[in-house]
Ligand SMILES: CC(C)(COP(=O)(O)OP(=O)(O)OC[C@H]1O[C@@H](n2cnc3c(N)ncnc32)[C@H](O)[C@@H]1OP(=O)(O)O)[C@@H](O)C(=O)NCCC(=O)NCCS
């Protein structure tokens, strides 16, 4: 095993995905405000926890917040509402890992599709989702607020979870 690979494996093991708690919300809200021009409010996160949505934080070895995600269960589907990775921690597979865990959860609960909306201008997130196997399904006109009172379209994307076994999650 190369030293580089061993280091990476140590880092991966040291990162922990856990249920989001109220105690984590200060850090979550801080990161949310740093990343988005129109961030979720603290109340949005509190409501998500109270509603029992699937809500996870990913913490680093020193307990620093790397990212979080929130997803809402439907009858036979899951809707990803928020996924955020701290800027310095991007492009290291954290979103892939969180979404991989979400896919496993969907499959274990019989959800057949994972849905999401993403701003049309959000090229990084759209590229990530395409890379992870999501397909463009449609557009929601004027779905998001935008600067100066304007609105921005959402691209609706989905990942079909049928007919795949757990070993190929997000391959
Ligand atoms: C979108 C976001 C969550 C991706 O998180 P990440 O941890 O950097 O993503 P990963 O490292 O797990 O990348 C997953 C795959 O997407 C690819 N990818 C990630 N960012 C990409 C980019 N900017 N351009 C092209 N491909 C990208 C990676 O190469 C990787 O593919 P690979 O494993 O085959 O190499 C992160 O950029 C983010 O938090 N953005 C700001 C918040 C946001 O826009 N959230 C989504 C709102 S809908």
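Where Rh is the Kirkwood radius over the Cα pairs of segment 92-161, the temperature 10 °C and the viscosity 1.306 mPa s, what D in µm²/s does Stokes-Einstein return?
122 µm²/s
Summing -39500 (n - 2.57) over the DSSP H runs of n ≥ 4 in the chain and dividing by its residue number, what mean residue ellipticity at 222 nm do you reach, to the nearest 500 deg cm²/dmol?
Calculated from helices alone, the mean residue ellipticity at 222 nm is -10000 deg cm²/dmol.
Under a 10 Å cutoff between Cα atoms, tell me which one of 70, 85, 139 has the largest fluctuation in the Gaussian network model of the chain.
Comparing 70, 85, 139 in the GNM, the peak value goes to 139.
Assuming R0 = 30 Å, can you tell me the calculated FRET efficiency for the pair residue 14 and residue 148, based on Cβ-Cβ distance, to the nearest 0.05?
Efficiency, rounded to the nearest 0.05: 0.10.
Going by a ≥ b ≥ c, the root eigenvalues of the Cα gyration tensor, does the chain fall in the rounded group (a/c under 1.5), the prolate group (a/b larger than b/c) or the oblate group?
Rounded, since a/c falls under 1.5.
Taking 0.36 nm per residue of sequence separation and subtracting the Cα-Cα distance, how much length would be gained by fully extending the chain between residue 140 and residue 72, in nm to one decimal?
So the extension gain works out to 22.6 nm.
Between residue 50 and residue 131, with labels modelled 7 Å along Cα→Cβ, what's the label distance in nm to one decimal, could you check?
3.7 nm
Pick from 27, 74, 100 the residue whose mean-square fluctuation is largest in a GNM of the chain, springs joining Cα atoms under 10 Å.
74
Describe numerically, in nm with one decimal, the distance between label points set 7 Å from Cα along Cα→Cβ at residue 64 and at residue 36.
Going from the residue 64 label point to the residue 36 one covers 2.3 nm.
Each reported figure results from applying straightforward, stated rules to the coordinates on display, with no laboratory input. Note that this is a predicted model, so its numbers are computed, not measured. Note: ideal-geometry Cβ built from the backbone for every residue, glycine included; neighbour counts use all protein chains shown.
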